[in-house]
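The values are calculated or read from the model by the stated rules, or taken from the named source; none is laboratory data. Given the structure is predicted, the values throughout are model-derived calculations rather than measurements. No Cβ is skipped: glycine too gets one built from the backbone with ideal geometry, and neighbour counts run over all protein chains shown. Protein only, heavy atoms only, side chains kept; ligands, DNA and RNA dropped before computing areas. Shrake-Rupley method; radii C 1.70, N 1.55, O 1.52, S 1.80 Å.
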Amino acid sequence: MSDLFWLTDAQMARLAPFFPKSHGKPRVDDKRVLSGIIFINRNGLRWRDAPAAYGPHKTLYSRWKRWSEKGIFARMMAGLAAEHGEKTTVMIDATYLKAHRTATSMVAKKGGGGRLIGRTKGGMNTKLHAICDSQGRPIDLFVTAGQVSDYIGARALLSGLPKVKWLLGDRGYDADWFREALQDKGIRACIPGRKKRKTPVKYDKRRYKRRNRIEIMFGRLKDWRRVATRYDRCPKVFLSAIALAALVIYWL
């Protein structure tokens, strides 16, 4: 099939340093298996519907599940993003991702961290919080339940911010504690004030217009059907699907 996706040798060379060591029996062809995993995630297919060119679907699923739980795909994205080293501007925002009934079905196991799925006006959703660079390329990701405030995501992503001069965000991030935390890091906030503020907040309107790049980034990530609709019950596996999409779209 001519429309199948295949990683190039150059792309595999960039990903190889992040592969876990093989113990015992050598792994089957990494290039074939990873290409199949990407194809499934991009097109939103069931694992059993994987084209025969990628090999047994059970092999694809077991590799996907195992590496996702270990955080391999998230480390791939973070590692390649760190190589570029943004030094000027980062942007922060969040978006909703619809949860399919297969992700919300069945009761979560006791003692687990939860599914990170919440009810909003639009139904059952997961919220993706992201930091991107000045070119609109994702450098850090975090998921919460859909009803969680943007402040929670901002607090989680704060410690991983690179040393930059500016952070752009919408008025949903207008909080005194967040502005003070950015100031402590030597980062200037370009965030408009909430309408309920008694004292207006000054911000660079021309610079703020560049924030549309993170909105474009969310749109491109949602072109991947297993990102736009969450099918995975495990939030760590779902985060791996998002990281894999970001990795292929922006960093390979």
Q. Is there a residue in segment 237-252 that is assigned by the TED database to the domain that holds Ala99, open to solvent by 10 Å² or more (accessible area, probe 1.4 Å) and in a loop (DSSP other than H, G, I, E, B)?
A. no
Q) Which of (1) without any contact (Cβ under 8 Å) to a residue 12 or more places away in the chain; (2) at positive phi does Thr8 not meet, given it meets every other one? A) (2)
Q: Run down Asp140, Asp133, Asp93 and say which single residue is in contact with a helix residue (DSSP H, G or I) (Cβ under 9 Å, 6 or more places away or on another chain), in the same structural domain as Lys222 (by the TED database) and under 19 Å from Ser240 (Cβ atoms).
A: Asp140
Q. Residues of segment 143-172 being touching a helix residue (DSSP H, G or I) at 6+ places or on another chain (Cβ under 9 Å), part of a loop (DSSP other than H, G, I, E, B) and open to solvent by less than 30 Å² (accessible area, probe 1.4 Å), which ones?
A. Leu161, Gly169
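For segment 1-21, what are the residues that are more than 17 Å from Leu60 (Cβ to Cβ), out of contact with any Leu (no Cβ under 8 Å at 6 or more places or on another chain) and open to solvent by 50 Å² or more (accessible area, probe 1.4 Å)?
Of everything in segment 1-21, those that are more than 17 Å from Leu60 (Cβ to Cβ), out of contact with any Leu (no Cβ under 8 Å at 6 or more places or on another chain) and open to solvent by 50 Å² or more (accessible area, probe 1.4 Å) turn out to be Ser2, Asp3, Thr8, Asp9, Ala10, Ala13, Pro17, Phe18, Lys21.
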Q.
Take the conditions assigned to a helix (DSSP H, G or I) and over 25 Å from the mean Cα position of the chain (by Cα) and apply them to Ala10. Does it pass?
A. no
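Going by the conditions given, is Lys202 farther than 21 Å from Cys132 by Cβ, open to solvent by 50 Å² or more (accessible area, probe 1.4 Å) and without any contact (Cβ under 8 Å) to a residue 24 or more places away in the chain? Walk me through how you get there before you give the answer.
Values: farther than 21 Å from Cys132 by Cβ: yes; open to solvent by 50 Å² or more (accessible area, probe 1.4 Å): yes; without any contact (Cβ under 8 Å) to a residue 24 or more places away in the chain: yes.
Against the criterion (farther than 21 Å from Cys132 by Cβ, open to solvent by 50 Å² or more (accessible area, probe 1.4 Å) and without any contact (Cβ under 8 Å) to a residue 24 or more places away in the chain), Lys202 qualifies.
Could you grab me the full set of residues in segment 219-236 that are open to solvent by less than 10 Å² (accessible area, probe 1.4 Å) and under 12 Å from the mean Cα position of the chain (by Cα)?
If we filter segment 219-236 for residues that are open to solvent by less than 10 Å² (accessible area, probe 1.4 Å), which is where we start, we get 221, 227, 230.
Hits for segment 219-236 are Leu221, Val227.
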